[in-house]
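S.K.: Can you read through this structure? Questions will come right after.
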Amino acid sequence: MSKIAELSQINQLAGLENNQLKKAGNDQDNTSAVSFGDTIKDFLTTVNDSQKDASEKVSDVIQGRSENLAEAMTSLEESSLNFQLMLEIRNKLIESFNEIKRMPV
């Protein structure tokens with residue numbers, strides 16, 4: 001099974017859990033509730049924006065439009081760390097999902 005399919009199944013499980021909580025008579029106001037999928041989507045968007053910004057700053061330095069090499073390198077390292085964090089989170093989610101799949105029902 002591909003990693004994307006596993007993440008999709010994790011998102012479906014999170015949606016099922018949310019539906020079960022609503023059915024259980026949860027009377028609290030859920031207007032501030034954020035879905036798991038939205039959280040992951042926002043994180044991926046942030047990582048993508050960080051990489052685009054770093055690429056832009058490096059490109060500006062290479063083309064001579066900016067001489068701030070330190071800022072470009074800092075931005076590049078920050079985007080690299082964000083990407084590594086995203087990969088670790090993905091790995092932990094997949095590992096958790098596989099652990100749940102191995103549980104006897």
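The values are calculated or read from the model by the stated rules, or taken from the named source; none is laboratory data. Predicted, not measured: the structure shown is a model, and the values here were computed from it. Methodologically, a virtual Cβ is constructed for each residue, glycine included, from the backbone with ideal geometry; neighbour enumeration extends over all protein chains shown.
S.K.: So, residue 97, is that one free of Cβ contacts under 8 Å to residues at least 60 places away in the same chain, in a helix (DSSP H, G or I) and of a type in the set (Phe, Trp, Tyr) or not?
M.R.: Details: free of Cβ contacts under 8 Å to residues at least 60 places away in the same chain: no; in a helix (DSSP H, G or I): yes; of a type in the set (Phe, Trp, Tyr): yes.
In short, no.
S.K.: One residue is enough: does the range 5-23 have a residue meeting the conditions under 24 Å from residue 80 (Cα atoms) and either of a type outside the set (Gly, Ala, Ser) or at pLDDT below 65 (or both)? Full working, then the answer.
M.R.: The first filter runs over the range 5-23 and keeps only residues under 24 Å from residue 80 (Cα atoms), leaving 7.
Filter once more, so that each one left must be either of a type outside the set (Gly, Ala, Ser) or at pLDDT below 65 (or both): 7.
Within the range 5-23, one or more residues are under 24 Å from residue 80 (Cα atoms) and either of a type outside the set (Gly, Ala, Ser) or at pLDDT below 65 (or both).
S.K.: Here's a follow-up. Restricting attention to the range 56-105, which residues are surrounded by fewer than 10 Cβ atoms within 10 Å (Cβ to Cβ) and polar (S, T, N, Q)?
M.R.: Correct list: 63 only.
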